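Chemist: Below: one structure in structure tokens.
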Amino acid sequence: MTGPVTNAIGEVLIDETTISRRVAELGAQITAEYHGEPLVALAVLKGSFVFAADLLRVIDTPLAVEFIGLRSYIGGRTSTSGVVEITNDVKYPLGGHHVLVVEDIVDTGLTLDYLVKNLATRNPLSIKIAALLHKPSRTIKPIQIDYLGFEIPDEFVIGYGLDYDGRYRNLPHIAVLKPNDAQLGLFPSR
């Protein structure tokens, strides 16, 4: 990680080079564990799509890619509603396959707890979690993260797929959202 660097959005918490290096390390770790096994990578939409794309390209084992849409943040909120909703379900049968859930951030753990319980009813061989970010200070429901990119402080972050009200997913780094900008309504809504 880098020291405090700022941009127009906020402080850069994790730069692009550091993210790329860590994603390659995670890919090597996953390759070593699953080589030759029936693997389905399940990217949690929308936030994990950038991380999933980069991670899956560095995993050297045959795999299927699926997507599941979940929502617990509504509108311009910067904290979870506590209610998880499946907005787009998996089409690929998971029974008889190892499932690698690819998530952008583990905050309270409530969303992933819900997802893992739901996926377990579909009879996969195993379920493991790859998460780019984790905020341990926010944990309500502890989750086993098998492949973790970075632990971060309790800040609302954007970039590298993470958003604020649908914006800033395209930043190549992880940045801290400036609270006064969000409070002042400087971020347009959809």
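The values are calculated or read from the model by the stated rules, or taken from the named source; none is laboratory data. Since the model is a prediction, treat every value here as computed from it, not as a measurement. Positions of Cβ are backbone-derived with ideal geometry, glycine not excepted, and every protein chain shown enters the neighbour counts.
Chemist: Give the residue that is modelled with the highest pLDDT, with candidates limited to residues of the stretch 147-190 that are under 21 Å from Leu115 (Cβ atoms), surrounded by 17 or more Cβ atoms within 10 Å (Cβ to Cβ) and charged (D, E, K, R).
Modeler: Once the filter is applied, the top-ranked residue is Arg169.
Chemist: When you check Asp60 against the structure, is it within 25 Å of Leu177 (Cβ to Cβ) and not β-branched (Val, Ile, Thr), yes or no?
Modeler: No: the conditions fail for Asp60.
Chemist: Those residues that are assigned to a strand (DSSP E or B), farther than 19 Å from His35 by Cα and among the aliphatic types (A, V, I, L, M), I need them from the stretch 85-108; list them, please.
Modeler: Ile86, Ile105, Val106
Chemist: I'd like the full set of residues that are free of Cβ contacts under 8 Å to residues at least 24 places away in the same chain and in a helix (DSSP H, G or I), limited to the stretch 109-131.
Modeler: Within the stretch 109-131, Lys117, Ala120 meet the criteria.
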